[in-house]
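Enquirer: To start, I am sharing the structure in question, which I have written as structure tokens.
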Amino acid sequence: MSLRMSVETILSLMEFATKHFTIRFAADGSFKNIIDRENGKDILNGYGNRFRVYRDGLDLDYANWNIMPNYRNQPELYMDLRARHAKRYGSITEIVSEYAFHHSRLTETMQIDDDSRVIRFHHKMDWKDDNYMVKACFALRDMPPIVRCDTPFGFQERSTLNDTPHHRAQFELCAYRWFDFSSDENGVAFFNHTKGGFYAKEGKVELTLLRSANYPCPHMDQHPTAYDYAIYVHAKPFAEAEVDNQANLFCMPCFYFHHAEAPKNTILVSD
């Protein structure tokens, strides 16, 4: 399939190709497949970037601190796709999607660069419903038994299994700028600016986007806000994938200037 596809083709077929991926979308706006063209492997096991909504704030004493261990045993609720349109900017396909849940709205801008292995997401969230938690959900194919979680000056490894009480208690993990799932050949990393909590167990990855319980802060996260995250699909093992460098580039965007000469009073900082 040609890399230079029209917007109408992208939206009508819900499929297009870049230099690195073949991408297919489901009717609800989520990913159905992200196939790495270098090795022919689909990183997903059915879906990616679905916005699941959980009832939250059930611990009345520590509503916005604690997540109940059994919170996943709820009926599945998702934000609904209401509208979608796409644009092309050179090598970049930009897909803007509008989602809704009760009184709340989400505008997502997804950027897919033909020449990049990083798929970027920018959200403008206007949440107006009490006692919910929203997560961006991915089902990963062949999830390894550990996830690497970024910390200042290093990373920690956590189990992706539920085989012991200790591992089952790790149902909400934290990471600084990235967390990564790698095999000996390839992997996928998630980058974030401000969303440090996530779930990673038995093939399921869920990045926590907001919590709207009422204690100690009434109507938590219920105001217009914006944030970014990304997925980085790499066809190399972790030691060679430069996950940390790629996450730094995502979290610390560069300034650039249209002038031929460098601007005055520029401060240059090196390592």
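The values are calculated or read from the model by the stated rules, or taken from the named source; none is laboratory data. Owing to the predicted nature of the structure, the values given are computational and were not obtained by experimental measurement. A quick note on method: Cβ atoms are made from the backbone with ideal geometry, for glycine too, and the neighbour counts reach across all protein chains shown. To get the accessible areas, we keep the full protein, side chains included, count just its heavy atoms, and leave off ligands, DNA and RNA. Shrake-Rupley method; radii C 1.70, N 1.55, O 1.52, S 1.80 Å.
Enquirer: Within region 36-66, work out how many residues are open to solvent by less than 80 Å² (accessible area, probe 1.4 Å), aliphatic (A, V, I, L, M) and over 23 Å from Asp228 (Cα atoms).
Expert: Result for region 36-66: 1.
Enquirer: Quickly run through region 202-234 and pick out the residues that are assigned to a loop (DSSP other than H, G, I, E, B) and more than 21 Å from Asp56 (Cα to Cα).
Expert: Glu202, Gly203
Enquirer: Could you list, in sequence order, the residues of region 141-150 that are at pLDDT 95 or above, out of contact with any helix residue (DSSP H, G or I) (no Cβ under 8 Å at 6 or more places or on another chain) and either surrounded by fewer than 19 Cβ atoms within 10 Å (Cβ to Cβ) or not hydrophobic (A, V, I, L, M, F, W, C) (or both)?
Expert: Correct list: Arg141, Pro144, Pro145, Ile146.
Enquirer: Does Leu81 satisfy the condition of being out of contact with any His (no Cβ under 6 Å at 6 or more places or on another chain), open to solvent by 30 Å² or more (accessible area, probe 1.4 Å), more than 19 Å from Phe138 (Cα to Cα) and in contact (Cβ under 8 Å) with a residue 40 or more places away in the chain?
Expert: Here the answer is no, as Leu81 does not meet what is asked.
Enquirer: Six or more apart or on different chains, Cβ atoms under 8 Å: show the pairs whose first residue is in region 195-208 and free of Cβ contacts under 8 Å to residues at least 24 places away in the same chain and whose second is among the hydrophobic types (A, V, I, L, M, F, W, C).
Expert: Cβ pairs passing all conditions: Gly196/Cys174; Gly196/Ala175.
Enquirer: State whether the residues of region 168-191 include one that is free of Cβ contacts under 8 Å to residues at least 24 places away in the same chain, part of a strand (DSSP E or B), out of contact with any helix residue (DSSP H, G or I) (no Cβ under 9 Å at 6 or more places or on another chain) and open to solvent by 40 Å² or more (accessible area, probe 1.4 Å).
Expert: No; the residues of region 168-191 include none that is free of Cβ contacts under 8 Å to residues at least 24 places away in the same chain, part of a strand (DSSP E or B), out of contact with any helix residue (DSSP H, G or I) (no Cβ under 9 Å at 6 or more places or on another chain) and open to solvent by 40 Å² or more (accessible area, probe 1.4 Å).
Enquirer: Could you list all residues from region 139-165 that are out of contact with any strand residue (DSSP E or B) (no Cβ under 6 Å at 6 or more places or on another chain), more than 15 Å from Glu202 (Cα to Cα) and either touching a residue at least 60 places away in the same chain (Cβ under 8 Å) or outside any loop (DSSP other than H, G, I, E, B) (or both)?
Expert: Those that are out of contact with any strand residue (DSSP E or B) (no Cβ under 6 Å at 6 or more places or on another chain), more than 15 Å from Glu202 (Cα to Cα) and either touching a residue at least 60 places away in the same chain (Cβ under 8 Å) or outside any loop (DSSP other than H, G, I, E, B) (or both): Thr151, Gly154.
Enquirer: Hey, can you tell me all the residues within region 241-263 that are part of a loop (DSSP other than H, G, I, E, B) and either modelled with pLDDT of 70 or more or under 30 Å from Asp180 (Cα atoms) (or both)?
Expert: Answer for region 241-263, where residues must be part of a loop (DSSP other than H, G, I, E, B) and either modelled with pLDDT of 70 or more or under 30 Å from Asp180 (Cα atoms) (or both): Ala241, Glu242, Met252, Pro253, Cys254, Phe255, Tyr256.
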